[in-house]
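I have placed the structure first, in the form of structure tokens, so that the comments after it can refer back to it.
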Amino acid sequence: MDRIPILRMGSFLLVTIQVDLYDRLALTLEADLVQMVNKTQAKGVLIDISAVSIVDSFMGRIVGNIASMSKILDAETVVVGMQPAVAITLIELGLPLKGVHTALDVEKGMALLKTMIGDEEADESEEDDSVAE
Amino acid sequence: MSATSQKVLQKKKKNILEYWMSHQLSDDGLREDLISNEDLRIQSEELIDVLVDNLSETNSIDLHAESWDPVIEILGGISITRARQGFSPRETGNFVFALREAILQVLSEEIKSQPEVLFEESRKIGRIMDHLSVITFETFIKGREEVILRQTDEIAEISTPVIRVWDGILALPIIGTLDSSRTQVVMESLLQEIVETGSGIAILDISGVPAVDSLVAQHLIKTVSATRLMGAECIISGIRPEIAQTVVHLGIDLSNIITKASLASALAYAFKSLKLEVKKANVLTKI
């Protein structure tokens, strides 16, 4: 069965969807990704959907689900490279994907993840400092 | 139309044209600014030629016969050009009515001696010309509608330019009312431009939108959400006090959208989030 590869980059996971997602593939991706987040203790998930040209409500829900599940496992999700037609379709379907961060391309998505994770780590170290004092 | 009167008309084509022209030239509605007298004469002659040539005994009864097609084609052509040139409906109507007058005048001169035949022929001519007038009006209105449609398309295209105000900042001034079809155009052109330029910030300026109701607000929210999905930030600027009042009175929630009063403040915000700084240059005074 086809699987979408999940690449590990430091504390982030990178998923590049190069084919049009059909339902079973999307479900497998959801399960795999949650497993990977748990296994690698990733802090961020970056999903590149620049090659996806067709989207339906199911696919929109899966992306939303992935974001919520990662959030529970303490990882932020960034969706990058959405096509204009896909964005319009999702809005018309009434799926504004609240809780999902977005960026224009992979580079900007990575920068966004780094600032988000960086902020958290800075907070944690501050807390550590206060404990130490 | 009997063969004799047909011959009469054929023979007296010149007279009909002269009568027709004199009718038209003496009419108050003569528009020399739109069409020159020579052009008018050429147009009229063409129509008389095709009308007289195509008249026959059978088709004067059957007004939908195929033999009328050439006449209708020429008449339609004249009518549509008149609609585009800006003639009023009355002026276009009088053009055809004057032709009826001219034909009747010629007929009455030629078959004066047989009142019964004259009556019969006049009735037929009347029917034919009524039919032609209806066609003239139909095509005239169709021509005007085409003009209106083309203008609507042009307005929709012209009024949605996406401007690149800075590297990474796009601005889209919306002028006129926002309806569903325009929002679609606005959204598509904005998103396309975001992809092409890789801009992170889009400013939607609504200073030119006369009124915002719940539907317009809904469209604005949709556009903003779509840009957010693309990974860009969308700022709405140019909100006038009256619009702020209506939005709040209608209970529309714009709290999760960045709104600014003017394009300048939106631009300032965009600069800030891109970590850009605008400074006055130091002017060195020479000693």
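The values are calculated or read from the model by the stated rules, or taken from the named source; none is laboratory data. In this text the structure is predicted, and so the values were computed from the model without any measurement. Please note: Cβ atoms are built from the backbone with ideal geometry, for glycine as well, and neighbour counts cover all protein chains shown.
Please specify each residue of region A:56-75 satisfying the condition of being closer than 30 Å to residue A:119 by Cα and within 14 Å of chain B (Cβ to nearest Cβ).
The initial filter retains those residues of region A:56-75 that are closer than 30 Å to residue A:119 by Cα, namely A:60-75.
Scanning region A:56-75 gives A:60, A:63, A:64, A:67.
On inspection, residue A:71 fails the criterion of being in contact (Cβ under 8 Å) with a residue 40 or more places away in the chain and of a type in the set (D, E, K, R).
Residues checked against (1) at pLDDT 85 or above; (2) more than 8 Å from chain A (Cβ to nearest Cβ); (3) over 32 Å from the mean Cα position of the chain (by Cα):
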| residue | (1), (2), (3) |
| --- | --- |
| B:166 | yes, yes, yes |
| B:180 | no, yes, no |
| B:183 | no, yes, no |
| B:192 | yes, no, no |
| B:212 | no, yes, no |
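Could you list, in sequence order, all residues of region B:213-240 that are out of contact with any strand residue (DSSP E or B) (no Cβ under 8 Å at 6 or more places or on another chain) and closer than 23 Å to residue A:109 by Cα? Selection gives B:222, B:225, B:226. How many residues does region A:5-26 contain that are more than 22 Å from residue A:108 (Cα to Cα) and either surrounded by 15 or more Cβ atoms within 10 Å (Cβ to Cβ) or modelled with pLDDT of 90 or more (or both)? Count: 3. Residues that are surrounded by 15 or more Cβ atoms within 10 Å (Cβ to Cβ), part of a strand (DSSP E or B) and aliphatic (A, V, I, L, M): does region A:47-64 have at least one? Yes, region A:47-64 has at least one match. The number of residues in region A:81-108 being on the phi > 0 side of the Ramachandran plot and facing chain B (nearest Cβ under 7 Å) comes to 1.
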